[in-house]
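S.K.: Have a look at this one before I ask anything.
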């Protein structure tokens, strides 16, 4: 095997997702997201209840928790795949990802679907700020647990 082949294999291997890191980061990030939400709103697991109500037409905590944590884990996996391509150190990468994800998926997609308007402004500016703070808490384990050659 020549040096070029070895370097190519190492570069490709370095871009693979570490599934354990990604799943753990998404799970822990979801817990931190919920803790931050509790500190800011006084409500715990408000989103699992909302999710299950939207999915089933009635609240079901187990279904809501599965959807909520499944979403967090999926975001952890997506971040793990994108992190080597993002700019900056591990904190900049995680912060950039969660801000972009919050704007694109929550402010411009989820909030309007829930009747809250773009950026959740129909529910008040504090909704947008609390949502961003919760997602920034989610970024902490992304920065700490998901590693690659580019994020160390």
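The values are calculated or read from the model by the stated rules, or taken from the named source; none is laboratory data. Given the structure is predicted, the values throughout are model-derived calculations rather than measurements. Cβ sites come from the backbone with ideal geometry, for glycine too, and all protein chains shown count toward neighbours.
S.K.: Filter the stretch 47-58 for residues that are more than 17 Å from the chain's Cα centre (by Cα) and in a helix (DSSP H, G or I); which is farthest from residue 136 (Cα to Cα)?
M.R.: Within the stretch 47-58, the first condition is being more than 17 Å from the chain's Cα centre (by Cα), and the residues that meet it are 49-50, 52-58.
After this cut, where a residue has to be in a helix (DSSP H, G or I) as well, the list is 49-50, 52-56.
Details: 49: 22, 50: 21, 52: 24, 53: 25, 54: 25, 55: 26, 56: 29 Å.
My answer is 56.
S.K.: If you don't mind, there's one more thing I want to ask. Determine whether the stretch 117-139 contains at least one residue that is under 19 Å from residue 19 (Cα atoms), part of a helix (DSSP H, G or I) and under 15 Å from the mean Cα position of the chain (by Cα). First the steps, then the outcome.
M.R.: Taking the stretch 117-139 and keeping what is under 19 Å from residue 19 (Cα atoms), we get 138-139.
Checking the rest, the ones that are also part of a helix (DSSP H, G or I) come to 138-139.
Going one step further and asking which of them are under 15 Å from the mean Cα position of the chain (by Cα), we end up with 138-139.
So far as the stretch 117-139 goes, yes, one or more of its residues are under 19 Å from residue 19 (Cα atoms), part of a helix (DSSP H, G or I) and under 15 Å from the mean Cα position of the chain (by Cα).
S.K.: I'd like to verify a number: residues in the stretch 77-88 that are out of contact with any helix residue (DSSP H, G or I) (no Cβ under 6 Å at 6 or more places or on another chain) and assigned to a helix (DSSP H, G or I), how many?
M.R.: Start the filter on the stretch 77-88 by keeping residues that are out of contact with any helix residue (DSSP H, G or I) (no Cβ under 6 Å at 6 or more places or on another chain), which leaves 78, 81-82, 84-85, 87-88.
Now drop any that are not assigned to a helix (DSSP H, G or I), which leaves 78, 81-82, 84-85.
The qualifying residues number 5.
S.K.: Name the residues in the stretch 89-116 that are within 21 Å of residue 34 (Cα to Cα) and in a loop (DSSP other than H, G, I, E, B), would you?
M.R.: Step one: filter the stretch 89-116 for residues within 21 Å of residue 34 (Cα to Cα), giving 91, 94-107, 109-111, 114, 116.
Listed by number, the residues that qualify are 114, 116.
S.K.: Let me ask something additional. Is it fair to say residue 144 is out of contact with any strand residue (DSSP E or B) (no Cβ under 7 Å at 6 or more places or on another chain) and under 21 Å from residue 54 (Cα atoms)? Reasoning before the result, please.
M.R.: Details: out of contact with any strand residue (DSSP E or B) (no Cβ under 7 Å at 6 or more places or on another chain): yes; under 21 Å from residue 54 (Cα atoms): no.
No, not satisfied.
S.K.: Could you tell me whether the stretch 59-76 includes any residue that is touching a helix residue (DSSP H, G or I) at 6+ places or on another chain (Cβ under 9 Å), in a loop (DSSP other than H, G, I, E, B) and under 11 Å from residue 30 (Cα atoms)?
M.R.: Within the stretch 59-76, not a single residue is touching a helix residue (DSSP H, G or I) at 6+ places or on another chain (Cβ under 9 Å), in a loop (DSSP other than H, G, I, E, B) and under 11 Å from residue 30 (Cα atoms).
S.K.: If the requirement is being out of contact with any helix residue (DSSP H, G or I) (no Cβ under 9 Å at 6 or more places or on another chain), more than 17 Å from residue 139 (Cβ to Cβ) and either at pLDDT below 95 or surrounded by 14 or more Cβ atoms within 10 Å (Cβ to Cβ) (or both), which of these qualifies: 18, 2? I'd like the intermediate steps shown before the answer.
M.R.: Working: 18 fails: out of contact with any helix residue (DSSP H, G or I) (no Cβ under 9 Å at 6 or more places or on another chain).
So the residue among 18, 2 that is out of contact with any helix residue (DSSP H, G or I) (no Cβ under 9 Å at 6 or more places or on another chain), more than 17 Å from residue 139 (Cβ to Cβ) and either at pLDDT below 95 or surrounded by 14 or more Cβ atoms within 10 Å (Cβ to Cβ) (or both) is 2.
S.K.: Separate question: Check off (1) more than 15 Å from the chain's Cα centre (by Cα); (2) closer than 17 Å to residue 137 by Cα for residue 72 and give me the number that stays unchecked.
M.R.: (1)
S.K.: Something else about it: Look through the stretch 94-117, keep the residues that are out of contact with any helix residue (DSSP H, G or I) (no Cβ under 8 Å at 6 or more places or on another chain) and within 14 Å of residue 138 (Cα to Cα), and return whichever of them is surrounded by the most Cβ atoms within 10 Å (Cβ to Cβ). Walk me through how you get there before you give the answer.
M.R.: Here is the first cut: in the stretch 94-117, the ones out of contact with any helix residue (DSSP H, G or I) (no Cβ under 8 Å at 6 or more places or on another chain) are 96, 100, 103-105, 109-110, 113.
Those still in the list that are within 14 Å of residue 138 (Cα to Cα) too: 96, 100.
Numbers: 96: 16, 100: 12.
Looking at the filtered set, the residue picked out is 96.
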